[in-house]
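Enquirer: Just passing along the structure, written as structure tokens.
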Amino acid sequence: MADDDDLELSELDDDDIELEGEGTELLAGLDTSGEGMKTSKDLEAVYDIPVQVSAVLGKATMQVSQLLKLGRGAVVELDRKVGEAIDIYVNNRLVARGEVVVVEDRLGVTMTEIIKSERN
């Protein structure tokens, strides 16, 4: 199911996850070798930078006329099947796939795989 560019969470070494704090799991697997940042203390400067996180359940394409006909209770069919992984984006970049979970009375997302992407 995962292609060669995908990294399963179970494939991460303990050395890949040195960071602590909320939201740092997205930085797991960060290459810290060479002249780059080496410790979580070096990353403190970026901890307060806001990022936009989106969990996409699915997508649909329709004409404006169809959109205008939608009303309360309308159902829009998405391009995903029940149980299929959802996409998790950070600042409009696909970073992971996951599953929808219910925590108390709120919806949440659990990451099941982290997507490795090539840097430009």
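Enquirer: Determine whether Lys41 is under 28 Å from Met111 (Cβ atoms), touching an Asp or Glu at 6+ places or on another chain (Cβ under 7 Å) and of a type in the set (Lys, Arg). Even if it seems obvious, please write down each step before you answer.
Expert: Working: under 28 Å from Met111 (Cβ atoms): yes; touching an Asp or Glu at 6+ places or on another chain (Cβ under 7 Å): no; of a type in the set (Lys, Arg): yes.
The answer is no for Lys41.
Enquirer: Within the range 76-120, track down each residue that is assigned to a strand (DSSP E or B) and charged (D, E, K, R).
Expert: First, pick out the residues of the range 76-120 that are assigned to a strand (DSSP E or B): 86-90, 93-103, 106-115.
Within the range 76-120, Asp87, Arg93, Arg97, Glu99, Arg106, Glu113 meet the criteria.
Enquirer: On to the next question. If I filter the range 92-109 down to residues being closer than 18 Å to Arg80 by Cα, surrounded by 12 or more Cβ atoms within 10 Å (Cβ to Cβ) and among the β-branched types (Val, Ile, Thr), which single residue comes out as nearest to the chain's Cα centre (by Cα)?
Expert: Val109
Computed from the coordinates by the stated procedures, all read-outs in this text should not be read as laboratory data. Since the structure is predicted, the reported quantities are computational estimates derived from the model, not experimental observations. As a convention, Cβ positions derive from the backbone with ideal geometry for all residues, glycine included, and neighbour counts pool all protein chains shown.
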